[in-house]
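Written below as structure tokens is the structure these notes are about.
The values are calculated or read from the model by the stated rules, or taken from the named source; none is laboratory data. Everything quoted here is computed from the prediction, not taken from an experiment. Calculation scope for accessible area: heavy atoms of the full protein, side chains included, ligands and nucleic acids excluded. Shrake-Rupley method; radii C 1.70, N 1.55, O 1.52, S 1.80 Å.
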Amino acid sequence: MATTTVKLISFLVLCLVVAMPMTTEAITCGQVVSGLSSCLSYLRSGGAVPPACCNGVRGLNSAAKTTADRQQVCECLKSAAAGINLSNASSLPGKCKVNIPYKISPSTDCKSIK
């Protein structure tokens, strides 16, 4: 009976190890778009920044822990810039009281972000 229990526990541990991601993946553009979806009305027309928008901005800023993450978020923001007011996009971090290490602009060199 003890041998069966040891085998079962060993099998479960093996399953957990195999199921665990071996590396942490960078933030995806889908996550960026999802995090900022509540900001669209502000980014297109201005007005008041919805509280959910600032929550999304803060969440993305917190999730972007590595240089690769910050560069990826920057690239995603540049790709999603079509159809939004760039002045509103640039002012969004300040309105949400979030400090990001670059200006949100199509001309930003995302590779230079540390």
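Computed values, structure above
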item: Segment 41-110, accessible surface, carbon-and-sulfur percent (1.4 angstrom probe); result: 52
item: Per residue solvent-accessible surface (Å²) - segment 58-114, probe of 1.4 Å; result: 57
